[in-house]
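Student: To start, I am sharing the structure in question, which I have written as structure tokens.
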Amino acid sequence: MLDYGKLISDKAEKMRPSGIRRFFDLVAEMPECISLGVGEPDFQTPWDIRDAAIHSLEVGRTKYTANAGLKELRTEICAWLKRKYNLEYREDETLVTVGGSEAIDLAIRALVEAGDEVIIPEPCFVCYDPITTLTGGVVVPVATTEENEFRVTAEQIKNAITPKTKILVLGYPNNPTGAVLRHEDLVAIAEVLKGTDVIVLSDEIYSELNYAGSHESIASIEGMRERTIVVNGFSKTYSMTGWRLGYAVGPKPIIAAMTKIHQSCIMSAPTTSQYAAISALKDCDDDIEYMRKQYDMRRQYCGRKLNEMGLHTFEPKGAFYLFPNITSSGMSSDEFCEQLLQRKHVAIIPGNAFGACGEGYARISYAYSIDHLREAMKRIQEFLYEIKEEKKHG
Ligand SMILES: Cc1ncc(COP(=O)(O)O)c(C=O)c1O
């Protein structure tokens with residue numbers, strides 16, 4: 001019998017399993033459970049996109065594409081970024097990837113050497129830390145706070161930068177807090193980075209889900225284009241999670257290095273999805289607007305309910321998550337979410353799954369139907385009432 005423990009690399013062995021996954025395993029055993037756990041749109045992919053995919057199959061477009069992605073798609077990505085955020089990129093500064101996830105992986109692997117530091121404001125999406133660690137990099141977490149609406153400050157970044165800093169990850173609009181950075185935040189961060197060799201990995205996957213105005217990319221701030229890799233994709237904006245398509249744009253030498261890695265491990269992103277994505281970028285502004293309005297309504301409803309029931313929740317301006325403060329329950333994040341799941345069959349994610357400073361919070365995804373959300377809010381309220389009564393009566 002082989003000793004697999006010895007065979008598996010130390011780095012893989014030491015990877016922390018995602019705190020989100022652990023919860024989904026529990027949920028899978030509870031068919032009657034109401035989940036607000038998944039960060040995935042509940043809408044179907046718009047028909048224009050599905051039709052474009054079907055057509056591409058009918059005419060037999062079933063081969064690999066160019067490694068960097070279909071030229072026509074890269075042209076449309078550049079046009080879309082210009083139209084939406086006034087970003088200027090060319091096709092040879094654009095790489096089509098398997099979701100935003102692959103783009104993040106490639107960016108980190110293309111830049112980070114063993115011992116290099118990667119500044120990661122937390123709470124944040126769960127993949128930045130393990131990818132950095134697998135690459136041999138050192139994670140430098142920076143804790144954001146509710147008092148500052150979970151916006152990382154230029155001052156915090158300045159204090160975290162050392163001669164070893166390679167990347168600053170900015171994930172805004174943010175998963176799990178819903179925070180967005182303001183124009184003045186971006187300008188102040190740009191000022192701190194001026195004259196350094198730090199590259200910003202700007203994960204803008206929720207860019208179209210901004211309820212406070214329109215999204216501003218840090219790459220559009222003076223001096224930042226040359227030091228920013230922008231990651232975006234189709235999963236959230238177009239409700240295309242299963243199509244596995246995203247992209248990165250950035251300085252040509254970095255995109256070229258990322259393309260070399262992509263060539264070796266992926267070859268090219270799924271062809272059918274690429275044809276579908278062309279239609280998404282060209283034909284689906286109305287669909288985006290419709291979905292954003294729906295999310296906004298749900299955001300306001302759930303935010304109001306949570307505050308009314310005594311879970312203080314700051315108003316998130318982006319993405320589709322709420323991040324209520326659960327400390328008034330007297331429980332830890334893990335206890336709160338496990339009890340809520342066991343007693344009321346509602347699944348939400350402990351805030352500490354997104355970094356240590358998420359302790360005392362929980363992530364609620366509102367990418368669910370309003371009926372589903374209503375029932376979940378009712379059960380959370382019952383849960384809070386019950387634990388309060390239990391405390392009162394010892
Ligand atoms: C902040 C953030 N970035 C990137 C991703 C990856 O998305 P995908 O690989 O589906 O494009 C997610 C998915 O949840 C996310 O929340």
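Student: Quick one: which helices (runs of 4 or more DSSP H) sit completely within segment 270-356 and have at least 1 residues that are touching a His at 6+ places or on another chain (Cβ under 9 Å), at pLDDT 95 or above and surrounded by 15 or more Cβ atoms within 10 Å (Cβ to Cβ)?
Tutor: Values: elements: 271-283, 285-308, 333-344.
Hits in segment 270-356: 271-283, 285-308.
Student: May I pose another question? Between a residue in segment 201-218 that is among the acidic types (Asp, Glu) and modelled with pLDDT of 95 or more and any residue that is buried (at least 23 other Cβ atoms within 10 Å of the Cβ) and not in a loop (DSSP other than H, G, I, E, B), which pairs come within a Cβ distance under 6 Å, given they are 6 or more apart or on different chains?
Tutor: 203/231; 204/230; 204/232
Student: Kindly evaluate residue 61 against the criterion of being assigned to a helix (DSSP H, G or I), over 30 Å from residue 362 (Cα atoms) and of a type in the set (Lys, Arg).
Tutor: Working: assigned to a helix (DSSP H, G or I): no; over 30 Å from residue 362 (Cα atoms): yes; of a type in the set (Lys, Arg): yes.
No.
The rows are residues; the columns are (1) of a type outside the set (Ser, Thr, Tyr); (2) within 15 Å of the ligand (Cβ to nearest atom); (3) under 20 Å from residue 204 (Cα atoms); (4) free of Cβ contacts under 8 Å to residues at least 24 places away in the same chain.
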residue: 37; (1), (2), (3), (4): yes, yes, no, no
residue: 54; (1), (2), (3), (4): yes, no, no, yes
residue: 60; (1), (2), (3), (4): yes, no, no, yes
residue: 66; (1), (2), (3), (4): yes, no, no, no
residue: 71; (1), (2), (3), (4): yes, no, no, yes
residue: 102; (1), (2), (3), (4): yes, yes, yes, no
residue: 116; (1), (2), (3), (4): yes, no, no, no
residue: 134; (1), (2), (3), (4): yes, no, no, no
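Student: Which ones in segment 107-130 are more than 19 Å from residue 241 (Cα to Cα) and part of a helix (DSSP H, G or I)?
Tutor: If the condition is that a residue be more than 19 Å from residue 241 (Cα to Cα) and part of a helix (DSSP H, G or I), then 107, 108, 109, 110, 111, 129, 130 are the ones that fit.
Student: For the subset of segment 231-260 comprising residues that are more than 12 Å from the ligand (Cβ to nearest atom) and not in a helix (DSSP H, G or I), which member is nearest to the chain's Cα centre (by Cα)?
Tutor: Only one residue tops the list, namely 249.
Student: Restricting to segment 58-113, count the residues that are polar (S, T, N, Q), more than 22 Å from the chain's Cα centre (by Cα) and surrounded by 14 or more Cβ atoms within 10 Å (Cβ to Cβ).
Tutor: 3
Student: Give the residues of segment 157-176 that are in a loop (DSSP other than H, G, I, E, B), touching a residue at least 24 places away in the same chain (Cβ under 8 Å) and more than 11 Å from the ligand (Cβ to nearest atom), sorted by residue number. I'd like the intermediate steps shown before the answer.
Tutor: To start, the set of residues in segment 157-176 that are in a loop (DSSP other than H, G, I, E, B) comprises 161-164, 171-176.
Next cut, touching a residue at least 24 places away in the same chain (Cβ under 8 Å) only: 161-162, 164, 171-176.
161, 162, 164, listed by residue number.
Student: Please tell me if residue 104 is in a helix (DSSP H, G or I) and either at pLDDT below 95 or within 24 Å of residue 21 (Cα to Cα) (or both). Even if it seems obvious, please write down each step before you answer.
Tutor: On the way: in a helix (DSSP H, G or I): yes; either at pLDDT below 95 or within 24 Å of residue 21 (Cα to Cα) (or both): yes.
It is true that residue 104 is in a helix (DSSP H, G or I) and either at pLDDT below 95 or within 24 Å of residue 21 (Cα to Cα) (or both).
The values are calculated or read from the model by the stated rules, or taken from the named source; none is laboratory data. From a predicted model like this one, the values you see are computed outputs, not experimental measurements. Reconstructed Cβ throughout: ideal geometry from the backbone, glycine too, with neighbour counts over all protein chains shown.
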